[in-house]
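J.: Please read through the structure below; I'll follow up with questions.
The values are calculated or read from the model by the stated rules, or taken from the named source; none is laboratory data. Because the structure is predicted, anything quoted here is derived from the model rather than measured. Heads up, the Cβs are rebuilt from the backbone with ideal geometry, glycines too, and the neighbour counts pull from every protein chain shown.
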Amino acid sequence: MTTIATAKAHTNIALIKYWGKKVPALNIPTTSSLSMTLDKFYTTTSAEFSDEASDTLILNATNTDSTRVSKFLDSLRDYYGDFPKVRVRSENHVPTAAGLASSASSFSALTGAMFQLLELPKDEREMSRAARRGSGSASRSIFGNFALWNMGNDDKSSYAESFYDEDINLSMIVAEISSSQKKMSSTLGMQLAQTAPTYSAWVEKSAQQLEEMKQAIITHDIEKIGLIAQDNALGMHEQNRQCTQPFDYFTEQTRAVIDFTERCYRSGLLAFVTIDAGPNVKIITDKTTEKELLAKFRREFPEISFEVAHAGGGLKYV
Ligand code: ADP
Ligand code: DP6
Ligand code: CO
């Protein structure tokens, strides 16, 4: 019998975003989404049965509130049968709750560890469904390279799958503007965003952008990928500003990085932005341009730390 199980999963950044839920309890989204898994940022998680009174979480060697993990484990108990309390140990090689997708890598890694511990068949589709119930974006981190999360309309039909399992030389330069914990979680942020009068228009546009994005990936057209991803992401953040309790993840530095990216694009370089639920900016470019672009950004923003990420692999057992 397995007594301890360990899995590693990478974060992913959506090129077409998930930002809203049809069924909040199950993380059934209002849109399908498409992401690239990153090599640089990941989570390693181990799980073992324990005789403690509750599930526990040790995150980066610190006892951490386990409410969300325990809720996720309860969903596994509901779906796959009851099991004892679990001790979870996790290391984030990504800032936690800073808009760099720690919930994606962590719930994907925890899903892998639990499927191993429970000796469940490692069916990727089923693991994607399970990870999705922990955090929507985690459904995509089961897979490497490009993953597509078909929104579906219930638990069975809502899962991610590999869309294009090849590195297409896309680079993401991550501008780490702040790695501190955001005030507004993704979960709450998207719930508020759905009250924007323009929200249904963003959802409708997203369906069209998804089809264009699929084509752009298949044809390795980085410029097209960047233009669509940027438009989709800026539209997502506009919903936050238009909703009934307006909020904004952008800081002054976020805006400065966006403006500088646009200037670089106008000067003839491949450079586009995408931004998740936090102030940090991911600059989309290609492997040929990344060095020149990185040097420009470092010169312009000496106070910001930049890291380059490429396509990464799917869930692994360690
Ligand atoms: P992010 O932008 O980092 O994905 P979210 O608001 O979506 O931010 O999710 C952050 C939450 O995910 C944390 O507050 C915590 O509940 C959970 N989380 C992050 N990392 C881990 C981990 N390694 N193990 C368990 N839960 C984690
Ligand atoms: C902006 O997956 O973190 O990164 O399902 O409530 O845990 P929950 O939200 P989460 O939301 C991610 C939002 C996003 C866009 C994306 O990754 O698609
Ligand atoms: Co998240």
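J.: Can you tell me which residue among Phe72, Phe49, Phe41 is aromatic (Phe, Trp, Tyr), touching a helix residue (DSSP H, G or I) at 6+ places or on another chain (Cβ under 7 Å) and farther than 27 Å from Glu176 by Cβ?
T.: Numbers: Phe49 fails: touching a helix residue (DSSP H, G or I) at 6+ places or on another chain (Cβ under 7 Å); Phe41 fails: farther than 27 Å from Glu176 by Cβ.
The unique qualifying residue is Phe72.
J.: What residue, of Thr44, Thr62, Thr37, is in the same structural domain as Met151 (by TED's automatic domain parsing), more than 16 Å from ligand 2 (Cβ to nearest atom) and touching a His at 6+ places or on another chain (Cβ under 8 Å)? Reasoning before the result, please.
T.: Details: Thr62 fails: touching a His at 6+ places or on another chain (Cβ under 8 Å); Thr37 fails: more than 16 Å from ligand 2 (Cβ to nearest atom).
Unique residue meeting the criteria: Thr44.
J.: Lys22 passes all but one of (1) within 16 Å of ligand 2 (Cβ to nearest atom); (2) part of a loop (DSSP other than H, G, I, E, B); (3) surrounded by fewer than 18 Cβ atoms within 10 Å (Cβ to Cβ); which number fails?
T.: Here Lys22 clears every test but (2).
J.: Please pick out the residue among Asp78, Asp74, Asp82, Asp51 that is of a type outside the set (S, T, N, Q), assigned to a loop (DSSP other than H, G, I, E, B) and within 20 Å of Pro121 (Cα to Cα).
T.: Working: Asp78 fails: assigned to a loop (DSSP other than H, G, I, E, B); Asp74 fails: assigned to a loop (DSSP other than H, G, I, E, B); Asp51 fails: within 20 Å of Pro121 (Cα to Cα).
On inspection, the qualifying residue turns out to be Asp82.
J.: Can you spot a residue in segment 119-134 that is within 16 Å of ligand 3 (Cβ to nearest atom), touching a residue at least 60 places away in the same chain (Cβ under 8 Å), touching a strand residue (DSSP E or B) at 6+ places or on another chain (Cβ under 9 Å) and over 18 Å from Thr44 (Cβ atoms)? So that I can check it myself, show each step before the final result.
T.: Step one: list which residues in segment 119-134 are within 16 Å of ligand 3 (Cβ to nearest atom), which gives 128, 131-134.
Going one step further and asking which of them are touching a residue at least 60 places away in the same chain (Cβ under 8 Å), we end up with 132-134.
So of that shortlist, the ones also touching a strand residue (DSSP E or B) at 6+ places or on another chain (Cβ under 9 Å) come out as 132.
Next, from what is left, pick out any that are over 18 Å from Thr44 (Cβ atoms): 132.
The answer is yes, given that some residue of segment 119-134 is within 16 Å of ligand 3 (Cβ to nearest atom), touching a residue at least 60 places away in the same chain (Cβ under 8 Å), touching a strand residue (DSSP E or B) at 6+ places or on another chain (Cβ under 9 Å) and over 18 Å from Thr44 (Cβ atoms).
J.: When you look at Glu300, is it touching a helix residue (DSSP H, G or I) at 6+ places or on another chain (Cβ under 7 Å), in contact (Cβ under 8 Å) with a residue 24 or more places away in the chain, surrounded by fewer than 21 Cβ atoms within 10 Å (Cβ to Cβ) and over 22 Å from Tyr164 (Cα atoms), yes or no?
T.: Working: touching a helix residue (DSSP H, G or I) at 6+ places or on another chain (Cβ under 7 Å): yes; in contact (Cβ under 8 Å) with a residue 24 or more places away in the chain: yes; surrounded by fewer than 21 Cβ atoms within 10 Å (Cβ to Cβ): yes; over 22 Å from Tyr164 (Cα atoms): yes.
The answer is yes for Glu300.
J.: If you don't mind, another one. Which ones in segment 246-256 are assigned to a helix (DSSP H, G or I) and either aromatic (Phe, Trp, Tyr) or touching a Pro at 6+ places or on another chain (Cβ under 9 Å) (or both)? Even if it seems obvious, please write down each step before you answer.
T.: Restricting attention to segment 246-256, the residues satisfying the condition of being assigned to a helix (DSSP H, G or I) are 252-256.
Gln253, Thr254 - these are the residues of segment 246-256 that are assigned to a helix (DSSP H, G or I) and either aromatic (Phe, Trp, Tyr) or touching a Pro at 6+ places or on another chain (Cβ under 9 Å) (or both).
J.: Please indicate, with yes or no, whether at least one residue in segment 273-281 is out of contact with any strand residue (DSSP E or B) (no Cβ under 6 Å at 6 or more places or on another chain) and away from ligand 3 (no atom under 16 Å from the Cβ).
T.: No, segment 273-281 contains no residue that is out of contact with any strand residue (DSSP E or B) (no Cβ under 6 Å at 6 or more places or on another chain) and away from ligand 3 (no atom under 16 Å from the Cβ).
J.: Pull up segment 25-44, narrow it to residues that are more than 15 Å from ligand 3 (Cβ to nearest atom) and assigned to a strand (DSSP E or B), then point me to the one that is nearest to Phe72 (Cα to Cα). Working first, answer last.
T.: Step one: of segment 25-44, the residues more than 15 Å from ligand 3 (Cβ to nearest atom) are 25-26, 28, 30-32, 34, 36, 39-40, 44.
With the extra rule that they be assigned to a strand (DSSP E or B), the set shrinks to 28, 34, 36, 39-40, 44.
On the way: Ile28: 15, Leu34: 23, Met36: 24, Asp39: 26, Lys40: 26, Thr44: 17 Å.
Checked segment 25-44; the qualifying residue nearest to Phe72 (Cα to Cα) is Ile28.
J.: Sort out which residues of segment 104-119 are of a type in the set (Phe, Trp, Tyr) and more than 13 Å from ligand 2 (Cβ to nearest atom), and write them in order of number.
T.: Just the residues of segment 104-119 that are of a type in the set (Phe, Trp, Tyr), to begin with: 107, 115.
Answer for segment 104-119, where residues must be of a type in the set (Phe, Trp, Tyr) and more than 13 Å from ligand 2 (Cβ to nearest atom): just Phe115.
J.: Here's a follow-up. Residues of segment 31-86 being free of Cβ contacts under 8 Å to residues at least 40 places away in the same chain, surrounded by fewer than 22 Cβ atoms within 10 Å (Cβ to Cβ) and among the β-branched types (Val, Ile, Thr), which ones?
T.: Residues satisfying the conditions are Thr56, Ile58, Thr62, Thr64, Thr67.
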